[in-house]
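Worksheet: one structure, shown below.
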Amino acid sequence: MIDLPSLKRETRYGMPAADQILFNRHYVVGYSYYFRQAKWALEIIDPNKQDITTVDRMDNFRSDYRIPKMFRADNQDYRGSGHDRGHLVASADLRDTEIQNSETFLLSNMSPQKPQFNRGIWKNLESEVRKLDSLDDVLETYVISGPIFNFDRSISTIGIKDNNNVTLPVPHEYFKSILAETSTGKLKMWSFVFPNEPTDDSIESFQVITSIVEKKAGILLWERLVGPEIDKEKNKINSVW
């Protein structure tokens, strides 16, 4: 039997479970009906590894009509909420073509983020991951990002609650896990958990072992990789590149 998700390059090392899997041209989203937003988004940074002129940022935020209406986030949910439509797969990661960039503005790739967080440390880490991918000895860089809800804390919501819509929960934290494949065939992991709040702290101060992300987000990361070396990698902190 053919494992169809394996036909997507992004899923080579694993793909967590979700209510609905959304296969885009250049990234994959695992969507949560319960939270009306992505549970995770998986990408390969600069999938074509080409030095070409980048297109302008499209900024065409729009609903993803592949998702049933009762579970779908819309632009009106964010309007006047005080929260950004925060990218999980960054717009700047996919700028080779207009369709590449346009896909990142589907609301299935968005999550409500505090503006200073989205435009601050989250944006800084996205930029640093692109620098990692540009290193000569890095062949491919896989990244999975998503929200974290802490159920021992109250959860705030945004959006208009009426008979047809359910409000959109605001995550307490966000995670990003990075898997780099080097020219020697070695695999290295870095994982981070950030509060959904502005901060002046360094990116390194939010670094955690990958197994912590799995526990907090309730997903398995890079599950197609098995063996003692992988277990060791998931439970250590590598120096940030």
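The values are calculated or read from the model by the stated rules, or taken from the named source; none is laboratory data. All figures in this text were calculated on a predicted structure; none of them were measured in a lab. All Cβ positions, glycine included, derive from the backbone under ideal geometry; neighbour counts span all protein chains shown.
Some observations on this one:
So that you can scan it fast, the table gives a plain yes or no per residue for (1) within 18 Å of Tyr33 (Cβ to Cβ); (2) of a type in the set (A, V, I, L, M); (3) buried (at least 16 other Cβ atoms within 10 Å of the Cβ):
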| position | (1), (2), (3) |
| --- | --- |
| Tyr65 | yes, no, no |
| Gly80 | no, no, no |
| Pro112 | yes, no, yes |
| Trp122 | no, no, yes |
| Lys131 | no, no, no |
| Asp136 | no, no, no |
| Pro147 | yes, no, yes |
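- Scanning segment 189-203 for residues that are farther than 27 Å from Pro47 by Cβ and either among the small types (Gly, Ala, Ser) or in a helix (DSSP H, G or I) (or both) yields a single hit, Ser202.
- Positions within segment 36-65 being at positive phi and at pLDDT below 95, in sequence order: Asp46, Lys49
- Whichever residue in segment 183-210 is of a type in the set (S, T, N, Q) and either modelled with pLDDT under 95 or loosely packed, with under 14 Cβ neighbours inside 10 Å (or both) and, among such residues, is nearest to Asp84 (Cα to Cα): Ser202
- Test for Leu221: is it touching a helix residue (DSSP H, G or I) at 6+ places or on another chain (Cβ under 9 Å) and part of a loop (DSSP other than H, G, I, E, B): yes
- For first residues located in segment 204-220 and under 20 Å from Lys39 (Cβ atoms), partners that are of a type in the set (S, T, N, Q) and surrounded by 16 or more Cβ atoms within 10 Å (Cβ to Cβ) and lie 6+ apart or on another chain with Cβ distances below 7 Å form the pairs Val208/Ser191; Thr210/Ser177; Thr210/Ser191; Val213/Ser177; Val213/Ser191.
- Matching helices (runs of 4 or more DSSP H) fully within segment 88-188 where at least 3 residues are in contact (Cβ under 8 Å) with a residue 60 or more places away in the chain and touching a Phe, Trp or Tyr at 6+ places or on another chain (Cβ under 9 Å): 121-133
- Selection status of Ala18, touching a Leu at 6+ places or on another chain (Cβ under 8 Å) and under 23 Å from Gly218 (Cα atoms): no
- Failed criterion for Ser205 (all others in (1) hydroxyl-bearing (Ser, Thr, Tyr); (2) under 20 Å from the mean Cα position of the chain (by Cα); (3) under 21 Å from Leu88 (Cβ atoms) hold): (3)
- Here Phe151 meets each of (1) farther than 23 Å from Tyr78 by Cα; (2) at pLDDT below 95; (3) among the hydrophobic types (A, V, I, L, M, F, W, C) with one exception, condition (1).
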